[in-house]
Amino acid sequence: MVNIQKMARFRLKSCLTLFALASFIFLIIVILKFSIQEASDLPDAFGLEVIPHANRMEKSQNQLQADNATPDTDTKEVNMNAETLLEKYSVPNYNFHTFYYTWYGNPQFDGKYLHWDHPLLPHWDSKVAAAFPKGRHSPPDDIGANFYPALGAYSSRDPTVIDAHMRQMRMAAIGVLAISWYPPGMKDDNGEATDDIVPLILDAAHKYQIRVTFHIEPFKGRDEKTMFDCVKYIVEKYGEHPAFFRYKTKTGKTLPLYYIYDSYLLSPENWARLLNPNAKTSIRNTPYDGIFLALLVEEKHKRAILSSGFDGMYTYFATNGFTYGSSYRNWKSIKAFCDASSLIFVPSVGPGYIDTNIRPWNSQNTRNRIKGRYYETALSAAAEAGAQVVSITSFNEWHEGTQIEMAVPKAGHTAYLDYLPHKPGNYLQITRKWADTFSGE
């Protein structure tokens, strides 16, 4: 009888213990569920919530078309959201520029993929080239990049994509985007003509108080005469738009600013015919005058840029040590040269570099992001050099892995890199953190 009673008490005690444990577990589950729900309701300034249709990459083509048939059905709501964004974030820093590319396309907006299907470029040495794969990429899962965009294999013509880009720039405090530009009817080797996208960019930029300048590419036939024609075209077609960027000089004059990529391909004598105020064909002191920045690659280019009549220089490449101009250790001396020569020095900073998904033989030029430290080192070097204007390489040059645009983890045919353990907007956040450092002209 005693043993039975003891056993009964033991069973009752065990049951009570199990009941208490079960109740405790149930309570924890309820708390966690509530917390998760609460967290999901919180806005994430640099998460995917700020990207319209950010999950489109997981949808079918038919669903994509349905999504974009009326991307923003309530215009008032869209405008309200934009106004809320403008109120939440400080005024853009117009000394923070970023290089921007509009050459991407997809079947929905362009009838085919553009640039995402970039070919693998062969090495110039045929013996080296033979050791690496050939062909081209097959989007949307296999793209010509080492990272994968949060917006998927998007089109640069998609209004929702353009709006998302402007939102990201505004959140990062970027004031000026330098749009990669070819004259009407001209294009790069892997895309289509994009001048007709410029009005879309200007309108969207204006909505977010961002300005637009032009990064003039080395188009076929570029010389002093065709450059004059191009600048004239840009000013006459886009110069009156409120988003068209004008740089305020030390004398108080405001002029359009132009980045001239691969400017060294044209001789100083040719450039002087355009930029020397005493030349008969000079653009100076005409309605089309501007601030012209040359690309500095080699050290000897400093003198050539000065004799050409340029107003300043930039370095573009996001690979520290790749060129004289892109090497951080040289920026102080370059800035000193520019100061002594009354030139503007605009160093180019970037979050890293990797292009092995289009140049598989170029791994030696990869620059690891080191979870954002590489980018901060570049920004710090620009600040220490005394630069007041900085150009960011890039917002969305995905082929070379220099983008600060939001990227997401992606598994599949290609093993893509990502920004983990940070969020997709990590590089926007870093950019915004540094914006106040470069505040004066």
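The values are calculated or read from the model by the stated rules, or taken from the named source; none is laboratory data. Since we're looking at a predicted model, the values are computed, not measured. Glycine gets a Cβ as well: all are built from the backbone with ideal geometry, and neighbour counts include every protein chain shown.
Things to note:
- As a summary of the residue check, residue 185 satisfies the conditions (1) at positive phi; (2) assigned to a strand (DSSP E or B); (3) not β-branched (Val, Ile, Thr) except for the one numbered (2).
- Lone qualifier among 358, 334 - being farther than 30 Å from residue 133 by Cβ and touching a strand residue (DSSP E or B) at 6+ places or on another chain (Cβ under 8 Å): 334
- Among the residues of the stretch 388-408, at least one is within 19 Å of the chain's Cα centre (by Cα), at pLDDT 95 or above and more than 23 Å from residue 176 (Cβ to Cβ).
- Residue check for residue 217: surrounded by fewer than 18 Cβ atoms within 10 Å (Cβ to Cβ) and touching a strand residue (DSSP E or B) at 6+ places or on another chain (Cβ under 7 Å): yes
- Candidates in the stretch 254-283 are the residues that are surrounded by fewer than 17 Cβ atoms within 10 Å (Cβ to Cβ) and touching a strand residue (DSSP E or B) at 6+ places or on another chain (Cβ under 9 Å); of these, the one that is nearest to residue 317 (Cα to Cα) is 262.
- Those residues of the stretch 298-322 which are crowded, with 17+ Cβ neighbours inside 10 Å and within 21 Å of the chain's Cα centre (by Cα), in sequence order: 313, 314, 315, 316, 317, 318, 319, 320
- Scanning the stretch 217-274 for residues being under 17 Å from residue 202 (Cα atoms) and modelled with pLDDT under 95 gives a total of 0.
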